[in-house]
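In what follows, a single structure is set out as structure tokens and then discussed.
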Amino acid sequence: MISQAVTSFIYSNFIHMQIQVAGRLTQTEEYYFSKKLREIAELNKSGDPVINLGIGSPDMPPHPSVIAALSEYAAKPNVHGYQSYQGIPALRQAIAHFYERYYEVALNPDNEVLPLIGSKEGIMHICMTYLQEGDEALIPNPGYPTYASAVHLSGATGVPYTLTAENGWLPDLDALENQDLSKVKLMWVNYPHMPTGASANPDFFERLVAFAKRNGILLCHDNPYSFILNDTPRSLLAVPGAKEVALELNSLSKSGNMAGWRVGMLLGDKDRLSEVIRFKSNMDSGSFLPLQMAAVKALELGPDWYEDLNKVYRKRREKVYELLDLLQCAYDKSQVGLFIWASIPDTFSDGYALSDEVLKARIFITPGGIFGSEGNKYVRVSLCTNEAVLDQAITRISHAK
Ligand SMILES: Cc1ncc(COP(=O)(O)O)c(C=O)c1O
């Protein structure tokens, strides 16, 4: 007689053997921060809580008018149903006004604006809409890791393009043009650039659009950081003729302090947007109506909202400089966006080693290598922590030395 324990052991292993993830997931690991935050939660079970300077999730609340709109609309009886796949007209109008006001880009709210549930999902929708096996997509190294994983999940091959401090973290378009681009269908670009904080000027954007036109490449510009510590918000769509070859993603996550709300947007030519809707409308539905009404309020905020936010970030940035000086890291003070990108001292083999060392003092900073091999000698520190906590972090580092 086989005991019940043995039977259940055989059974559970049998079941285990039957279930295998799809091949497309074999090179896709759980997102770095998803794993890291679990590890930090584990550390937090004993000792002082770890100060997390890793993630770019704004800690300040949205504007009160945004919260008020959410609660006002949520209290109504008739707002709880499914919403249009294209977003409500009021939100599309507000996005078009926002683009006109801040980027001087004219968009038709009826068909050149598509609200999203965060720009991260838009990255996946775009890859699934345009890429398949045999295609190639250019992705920045260093760059936001989601570009590489979404390209890979679509079945296409990611072709990294190198960004270096010497080039101002801009791609060398001449060098790219000497490569075989025959299979390249799409290129991910992101300025202000995360993680390096580099900006692109209008001249570079013009050259980029011309490059895409010459080579028949769809440019996908990811633009969530243009209001953070940056005096000149820019859209790639401001380049004349850009809509012929470019799509742009934007988001309220950082500029509206609304990362958890999941409000993003895709802007571009009406034909491109209707292609993306063919994929997206099969994946999700329009977001909660009160949330869309609240997003309208966020998009209507004037320059003083961004100035007030940046006053806070400027003060925090000084503290982060102090912390990085203690770690003997070097950084460029002209960076924009929500992070400081800093090169590590020679005494550490890479950013992972420095991050591990700093974690001993119960502070987490992001190793630059998670953004690609060109980030190996860097770390990234977030500005999403208040000054008092940054002071604590400075004290911890000073005591650890
Ligand atoms: C470059 C970049 N793109 C997109 C996102 C995702 O933004 P969202 O919250 O709109 O999905 C992030 C978030 O950290 C980011 O850094």
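The values are calculated or read from the model by the stated rules, or taken from the named source; none is laboratory data. Predicted model, so just to flag it, every value in this text is computed and none were measured. Cβ sites come from the backbone with ideal geometry, for glycine too, and all protein chains shown count toward neighbours.
Data overview
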| quantity | calculated |
| --- | --- |
| Qualifying residue in region 207-216 (condition: assigned by TED's automatic domain parsing to the domain that holds P142, touching a residue at least 60 places away in the same chain (Cβ under 8 Å) and crowded, with 23+ Cβ neighbours inside 10 Å) | no |
| Selected residue (only one of L291, L324 is away from the ligand (no atom under 16 Å from the Cβ) and crowded, with 20+ Cβ neighbours inside 10 Å) | L324 |
| Filter result for S349 (closer than 28 Å to Y32 by Cα, touching a residue at least 24 places away in the same chain (Cβ under 8 Å) and among the hydroxyl-bearing types (S, T, Y)) | no |
| Helices (runs of 4 or more DSSP H) contained entirely in region 19-130, each with at least 1 residues that are over 30 Å from V320 (Cα atoms) and out of contact with any Pro (no Cβ under 8 Å at 6 or more places or on another chain) | 64-74, 89-103, 119-130 |
| Candidates L131, L138, L186, L107, filtered to the one that is in contact with a Ser or Thr (Cβ under 9 Å, 6 or more places away or on another chain) and touching a residue at least 40 places away in the same chain (Cβ under 8 Å) | L131 |
| Criterion violated by Y313 - all others in (1) closer than 30 Å to G241 by Cβ; (2) of a type outside the set (V, I, T); (3) surrounded by 15 or more Cβ atoms within 10 Å (Cβ to Cβ) satisfied | (1) |
| Residues located in region 264-279, provided they are within 16 Å of the ligand (Cβ to nearest atom) and not in a helix (DSSP H, G or I) | G264, M265, L266, L267 |
| Residue list for region 217-234, restricted to those being more than 10 Å from the ligand (Cβ to nearest atom) and out of contact with any strand residue (DSSP E or B) (no Cβ under 6 Å at 6 or more places or on another chain) | S226, F227, I228, L229, N230, D231, T232, P233, R234 |
| Test: residue in region 295-318 that is closer than 30 Å to I88 by Cβ, small (G, A, S) and outside any loop (DSSP other than H, G, I, E, B) | yes |
| Set I19, I15, I2, I51: member being more than 16 Å from the ligand (Cβ to nearest atom), modelled with pLDDT of 70 or more, farther than 25 Å from R362 by Cα and not assigned by TED's automatic domain parsing to the domain that holds G260 | I19 |
| Inter-residue pairs, beta-carbon under 9 Å, first over 17 Å from L107 (Cβ atoms) and among the aliphatic types (A, V, I, L, M) and in region 254-274, second near the ligand (Cβ under 10 Å from one of its atoms) and not in a loop (DSSP other than H, G, I, E, B), 6+ apart | M258/S251; M258/L252; A259/S251; A259/L252; A259/S253 |
| Boolean, L176 is more than 21 Å from Y306 (Cβ to Cβ), at pLDDT 95 or above and within 16 Å of the ligand (Cβ to nearest atom) | no |
| Subset of region 388-400 (residues that are farther than 22 Å from D332 by Cβ and either among the aliphatic types (A, V, I, L, M) or modelled with pLDDT of 95 or more (or both)) | A388, V389, D391, Q392, T395, R396, A400 |
| Test set (1) under 14 Å from G372 (Cβ atoms); (2) surrounded by fewer than 19 Cβ atoms within 10 Å (Cβ to Cβ) - Y102 fails condition number | (1) |
| E248 more than 13 Å from the ligand (Cβ to nearest atom), free of Cβ contacts under 8 Å to residues at least 60 places away in the same chain and of a type in the set (D, E) | no |
| Some residue of region 338-355 being more than 16 Å from Y225 (Cα to Cα), part of a loop (DSSP other than H, G, I, E, B), modelled with pLDDT of 95 or more and aromatic (F, W, Y) | yes |
| Close pairs from region 156-169: first crowded, with 18+ Cβ neighbours inside 10 Å, partner part of a loop (DSSP other than H, G, I, E, B) and of a type in the set (S, T, Y), Cβ under 6 Å, at least 6 apart | W169/T196 |
| Selected residue (criterion: farthest from the ligand (Cβ to nearest atom)) from residues of region 98-157 that are over 14 Å from the mean Cα position of the chain (by Cα) and acidic (D, E) | E133 |
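Matching residues to (1) of a type in the set (S, T, Y); (2) within 19 Å of the chain's Cα centre (by Cα):
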| position | (1), (2) |
| --- | --- |
| S255 | yes, yes |
| G260 | no, yes |
| K270 | no, no |
| E307 | no, no |
| R314 | no, no |
